[in-house]
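The values are calculated or read from the model by the stated rules, or taken from the named source; none is laboratory data. Treat the numbers as computed from the prediction; the structure is a model and nothing was measured. Every residue, glycine as well, gets a Cβ built from its backbone with ideal geometry; the counts of neighbours run over all protein chains shown.
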Amino acid sequence: MKSSDKQLLVEAALAAANHRLEKQAVSIMAAFPHLIEDEVDRRICESLIYFALGKRAQALRALNGLHTEQAEGLRFLYTSSAESADMKTICSLITGGQDGDQCNS
């Protein structure tokens, strides 16, 4: 399978989760080991899907043992309330301090 096809399936899973299509998102996520070779990337994507589905505990569990800046940023996001979330800090953590323009909004 071409990498662009794999990417499209991962994006479809994220879109399904964002539209609360849990069964579809979870079904596609079951194929992630065949779609996303890198374990860290795969677990981060799984975490994002669980978070979009409102399953914070599962989102956090998907990040267990990951010590990347992206994982730390997502943990910070998942454990923050909407009122206390520091979006600039979260954005900076998730992007590894890059894309500063995106973190200014």
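The residues of the range 19-41 that are farther than 16 Å from ARG61 by Cα and not hydrophobic (A, V, I, L, M, F, W, C), listed by number, are HIS19, ARG20, GLU22, LYS23, GLN24, SER27, PRO33, HIS34, GLU37, ASP38.
Are there any helices (runs of 4 or more DSSP H) wholly within the range 18-91 with 1 or more residues that are at pLDDT 95 or above, and if so which?
Numbers: elements: 22-29, 32-35, 39-52, 56-62, 69-79.
Helices (runs of 4 or more DSSP H) meeting the threshold: 22-29, 32-35, 39-52, 56-62.
Looking across the range 1-58 at every residue that is under 17 Å from GLY73 (Cα atoms) and either among the acidic types (Asp, Glu) or touching a residue at least 60 places away in the same chain (Cβ under 8 Å) (or both), the one that is surrounded by the most Cβ atoms within 10 Å (Cβ to Cβ) is identified as GLU46.
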